[in-house]
1. Confirm whether residue 30 is in contact with a helix residue (DSSP H, G or I) (Cβ under 9 Å, 6 or more places away or on another chain), surrounded by fewer than 18 Cβ atoms within 10 Å (Cβ to Cβ), more than 24 Å from residue 135 (Cβ to Cβ) and at pLDDT 90 or above.
2. What is the one condition in (1) outside any loop (DSSP other than H, G, I, E, B); (2) surrounded by 13 or more Cβ atoms within 10 Å (Cβ to Cβ) that residue 89 does not satisfy?
3. The conditions are (1) surrounded by 11 or more Cβ atoms within 10 Å (Cβ to Cβ); (2) touching a residue at least 12 places away in the same chain (Cβ under 8 Å); (3) within 28 Å of residue 25 (Cβ to Cβ), and residue 197 fails exactly one of them. Which is it?
4. In the stretch 59-86, which residue that is more than 16 Å from the chain's Cα centre (by Cα) and surrounded by 14 or more Cβ atoms within 10 Å (Cβ to Cβ) is nearest to residue 133 (Cα to Cα)?
5. For residue 244, only one of the following conditions fails: (1) free of Cβ contacts under 8 Å to residues at least 60 places away in the same chain; (2) more than 30 Å from residue 38 (Cβ to Cβ); (3) surrounded by 10 or more Cβ atoms within 10 Å (Cβ to Cβ). What is its number?
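The values are calculated or read from the model by the stated rules, or taken from the named source; none is laboratory data. Everything numeric here is computed off the predicted structure, so don't read it as measured data. Here the Cβ is made from the backbone with ideal geometry for all residues, glycine too, and neighbour counts use every protein chain on show.
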């Protein structure tokens, strides 16, 4: 079963799920920008704990979050181990040693801090993406930020068509196998067949994009005239409160890191 077949949001009326897409994006960006300034375990831990606390408030099931965030978890583990092994901080007790590869308590802490930082930066964005409807986001960009409709809805159409590329790739593979075109053990032939599939996919995507562009032109997306909106996107007090709460968590995380002496700015 496809991962995308499992709904991410089980409760569309959850406190955060029903907020404006722009508010969700702003709330996810604020802690990430602050965490980019320092490498320490305290501030990311506070942001990550707050994010996990907000998962039920987003209406996202833990199962759906796990099915979509496992690549992030794998990346965090890999990054943590890589930093722990190859960092120059090798103090403390030695936990593992194999030739030039040395793992100590200090290096393990440094790797854990790096992985925790990446998780705290990325997870709020993952939650925001899971709870934002692309149509609502395009409407909000056009109505609230005055983004040109041609750009916003063109990007939306491209996003909607992206899954078709995967379906086209599978169709091309099945069609070539049906004609007996297989690389077998010949790597040169495999490269040629792969290049042919990529070219065919590119041609099909360009043809689809041309038809889509003509359809959008026929609907007046390039007319320059004011457009009406079927669904009005508001930014009310609840949306402002979400952004303010994110700012409070960010300030608290940075403040706690400074008070505990863990704050380690990159530019110092």
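1. On the way: in contact with a helix residue (DSSP H, G or I) (Cβ under 9 Å, 6 or more places away or on another chain): yes; surrounded by fewer than 18 Cβ atoms within 10 Å (Cβ to Cβ): no; more than 24 Å from residue 135 (Cβ to Cβ): yes; at pLDDT 90 or above: yes.
No.
2. For residue 89, the exception is condition (1).
3. (3)
4. At the first step, the residues of the stretch 59-86 found to be more than 16 Å from the chain's Cα centre (by Cα) are 59, 61-63, 77-86.
Add one more test, that the residue is surrounded by 14 or more Cβ atoms within 10 Å (Cβ to Cβ), and what stays is 59, 61, 79-81, 83-85.
Numbers: 59: 13, 61: 17, 79: 31, 80: 33, 81: 35, 83: 36, 84: 38, 85: 41 Å.
Once the filter is applied, the top-ranked residue is 59.
5. Failing condition for residue 244: (2).
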